[in-house]
1. Of the residues that sit in the stretch 63-88 and are among the aromatic types (Phe, Trp, Tyr) and under 14 Å from the mean Cα position of the chain (by Cα), which one is least open to solvent (accessible area, probe 1.4 Å)?
2. Between a first residue in the stretch 140-164 that is open to solvent by less than 70 Å² (accessible area, probe 1.4 Å) and a second residue that is of a type in the set (Phe, Trp, Tyr) and modelled with pLDDT of 85 or more, which pairs have beta carbons less than 9 Å apart while being 6 or more apart in sequence or on different chains?
3. Given SER188, SER170, which one is surrounded by 15 or more Cβ atoms within 10 Å (Cβ to Cβ) and modelled with pLDDT under 80?
4. Restricting attention to the stretch 218-243, report how many residues are over 13 Å from CYS187 (Cβ atoms) and touching a Cys at 6+ places or on another chain (Cβ under 7 Å).
5. For the stretch 195-236, what are the residues that are without any contact (Cβ under 8 Å) to a residue 12 or more places away in the chain and open to solvent by less than 40 Å² (accessible area, probe 1.4 Å)?
6. Would you please name the residue that is most open to solvent (accessible area, probe 1.4 Å), looking only at residues in the stretch 22-60 that are among the small types (Gly, Ala, Ser) and under 28 Å from the mean Cα position of the chain (by Cα)?
7. May I ask you to list pairs of residues, at least six apart or on different chains, whose Cβ atoms are under 6 Å apart, with the first in the stretch 66-79 being among the aliphatic types (A, V, I, L, M) and the second being open to solvent by 60 Å² or more (accessible area, probe 1.4 Å)?
Amino acid sequence: MSLAGPRLDRPSAIGDEGRPRAVSLWIATLVIVAITVAIGIAIGEPTLVTLPATIAGLAVAGIALLERTGFTHLFVGHTLIVTFGSVFALLVVVAPVLGGPGIALAGFTIALFGIAMAWADVGGDGTKRAVASCFVTYATVLCSSVFLVVLAAFGVLGWAAILVVTEASSVAGSVVGFALVAIGAGCSALIALWLLPIRQLTPRSRRDRIEGLLSTARWRIGIGTIATFGVLLAVAIASVFDLVDPGIGGFPVLESILIGLSAPVVVWPLVAASLLAVFASVVTVMLRLLTRRFGTNAIRWSSAVVVGVSLVAFVVGMAIIAFIGVVYLNLFGTAMAANAASIVVAILAFGPPAFLIVIGLLLVGVLIRIVPDRAGGPALAGLGLVVAAIGFGSISPILVFVCLAGAAVVWDVSTFGLGLTAELGHLPDTRRTELFHGVLSVGVGIVAVVAATALELVRTDVFGGVVAMGAVVTIGFGALILLLPLRG
């Protein structure tokens, strides 16, 4: 997938409407980047375009990859949406809190996101897939986190229980503890033999024999588990009447053997085997659920679930590494690790909901026809520059004029490229026409900015004592001038 190459706009038949023509898109892109870089230099941030361009580009790449059908492409697409898409949404939502500069930064990010959407030809269907993808992945992250917390709680309780068993010093306690561990191991083995595809993975010539062995194993393990449960009840009842330890006390060898049943060398292998059987059973069930139906939708949703689980596993792994690095290796300070952890948790916890809100609003705009589906990317790019102009409203009228003119030029050249595609298709060579129109539109935009700037200078230098209403009128008149490049 190429987001910058000129071949995404070359489908087939005359009249196909995809993204705008490549030359028109290049002009619109250069206008947005040039305005962002120029304003960044003007306000002392020459690398202003780097961060929002990277975030927006990778977020749109994730949305575009959801159109593919391969598991790898979908996995990368879901990952980019939940990570860089979340960062994009948080930047758009949180940056305006910082005031005018924050609003401008959010506007430039939206503009770059929109022009990237135009390059990738992402429309209403792409935003629907992105919303569904983000929802499924985020739900998986939440469910995996809850499951991990519950599992950790049971792990702590189980660890404490095993320690109590291994530290038993009486015959009754040792036998009861061993019986509980043995019953758990037996139940785990029965579940594993029932769920694991042992017969299916065996060659056909040996399946009948394996099936007989499995049946015998299940029967024997079941009887052994029931018998162990009976021994557990008998010992427990006898312990109530204090009959076990006094009765076994006269047989030192038997007493030593029974107390040895709760030794760590006996208990921990059984616990390990039980955990391994449960883990294999859970993996088998998940694989069956994810591969029950083969097809594009099954691969799409299974990749989203895998991404959610992988993100939780990645965060847990990083937390363990950070803990080891802070406590044992002293590689970095506690404050640094806490800040990094808080950033990651904030992105995964609040980023996907913010992405759902931002892209959901865009999708609602497309559905109610406020945002044109065919020109959604260019419209979003122009809207972003308008938002940036609002952010600079209290800082510099000249920056407002530049952003408004850029919005008009971006919309004009993009819709012109779309119109050529709709009328002529993708086969005719229209570079010269696009270049002529693009140069003319940019020239008119520059003239409009110069005229509006001149009006502002006249207002401030000649009519400096005029009340603030005069400034509003001047800026409004300048904005009207900036709409000259806009074609109907």
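1. Checked the stretch 63-88; the qualifying residue least open to solvent (accessible area, probe 1.4 Å) is PHE88.
2. Within 9 Å, the pairs are ILE162/TRP268.
3. SER170
4. 0
5. Listed by number, the residues that qualify are THR202, GLY212, GLY230.
6. Only one residue fits best here, namely ALA53.
7. What qualifies is LEU66/ARG129.
The values are calculated or read from the model by the stated rules, or taken from the named source; none is laboratory data. Given the structure is predicted, the values throughout are model-derived calculations rather than measurements. With ideal geometry, Cβ positions are generated from the backbone for all residues, glycine too; neighbour counts draw on all protein chains shown. Surface accessibility is based on the protein's heavy atoms, side chains included, excluding ligands, DNA and RNA. Shrake-Rupley method; radii C 1.70, N 1.55, O 1.52, S 1.80 Å.
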